[in-house]
Amino acid sequence: GDQVEQSPSALSLHEGTSSALRCNFTTTTRSVQWFRQNSRGSLINLFYLASGTKENGRLKSAFDSKELYSTLHIRDAQLEDSGTYFCAAEMLSGSFNKLTFGAGTRLAVCP
Amino acid sequence: EAAVTQSPRNKVTVTGGNVTLSCRQTNSHNYMYWYRQDTGHGLRLIHYSYGAGNLQIGDVPDGYKATRTTQEDFFLLLELASPSQTSLYFCASSHFYEQYFGPGTRLTVL
């Protein structure tokens, strides 16, 4: 079936460094959303993209619907960036507004 | 204040028990969703709705019923709970695109 593959599954960064998370899609995708889940379990919507790139502070996301992937760049990582990051895809083959989630990337930012 | 609320926040029941999870949103959103989250699986969609009285089947609907009584309220029903339904349950709402999540309900079925 339709899948969303996230990488890496886990990542450790020192404060002030930067990295990128990636999601690959197995089929054509209308849009992608990125979420962060904090230690209390709360899920925060970071980005919605139907194409191109978006930036918010130290976070930047890109979506390439033709090449079937999306990325989330974290610049100058801070301790509060720690958590689990999920991407979720609205597949073209699926119903409108129905999301398929990846398994997540667990990010730990260390002093 | 929180725009998507869930109750209860924690629930313990026994196998065969009857459980209702509640979700209310004050975003005036049309769409509401129920997900379960299990280690290694991310979030999986159980049921969703695009308005009062409407119900759509998600990816893992077996053993669950849902009902959307008003635009604000969406309920998830487990009529014969099983240990495999032990999980963290999230409700979400959306108008068109971005989904906004509630705080979650941790359900344990003994």
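What follows is calculated from the coordinates using simple rules that are stated; it is not laboratory data. Remember, it's a predicted structure, so these values are computed and weren't measured experimentally. When we count neighbours, we look across all protein chains shown, and the Cβ atoms used for this are built from the backbone with ideal geometry, even at glycine.
Just checking the listed ones, B:55, B:88, B:80: in the Gaussian network model of chain B with Cα springs under 10 Å, the one fluctuating most is B:80. Once the GluC sites (Glu not before Pro) in DSSP loops with at most 12 neighbouring Cβ atoms within 10 Å are cut out of chain A, the longest remaining piece is A:16-66.
Counting other beta carbons within 10 Å of each Cβ, put A:76, B:73, B:62 in order, fewest first. Before the final figure, lay out each step's value.
Details: A:76 11, B:73 14, B:62 8.
The order, fewest Cβ neighbours first, is B:62, A:76, B:73.
Pairwise Cα distances in chain A exceed 21 Å for 30 percent of all pairs. Take every pair of alpha-carbon atoms less than 8 Å apart whose residues are at least six positions apart; their mean separation over the length of chain A yields a relative contact order of 37 percent. Mean partner shielding of peptide B:100-107, defined as the number of other chain Cβ atoms within 10 Å of each residue Cβ, is 3. Which shape class applies to the stretch B:1-45: rounded if a/c is under 1.5, otherwise prolate when a/b exceeds b/c and oblate if not, where a ≥ b ≥ c are the square roots of the Cα gyration tensor eigenvalues? Oblate, since a/c reaches 1.5 and b/c is not below a/b. Computed on chain B, with alpha-carbon pairs under 8 angstrom and 6+ residues apart, the relative contact order is 36 percent.
When chain B is described by a simple charge dipole with +1 on each Lys and Arg Cβ and -1 on each Asp and Glu Cβ, the residue from B:5, B:60, B:16 located farthest towards its positive end is B:16.
Within the listed set A:71, A:26, A:84, the Gaussian network model of chain A (springs between alpha-carbon atoms below 10 Å) gives the highest mean-square fluctuation for A:26. Taking trypsin sites (Lys or Arg not before Pro) across the stretch A:48-81, the ones in a DSSP loop with at most 12 further Cβ atoms lying within 10 angstrom of their Cβ are A:66. Of the peptides B:12-18, A:35-41, the ranking by mean beta-carbon count within 10 Å, highest at the top, reads A:35-41, B:12-18.
Computed over the Cα atoms of the stretch B:4-97, what is the convex hull's projected area averaged over all directions, in nm²? Can you show the working numbers first?
Details: hull surface 23.0 nm².
Its Cα hull, projected and averaged over all orientations, spans 5.8 nm².
All Cα-Cα distances of the protein assembly as shown, cut into 5 Å bins from zero to the largest, leave 1, 7, 15, 19, 19, 16, 12, 7, 3, 1, 0 percent in each bin in turn.
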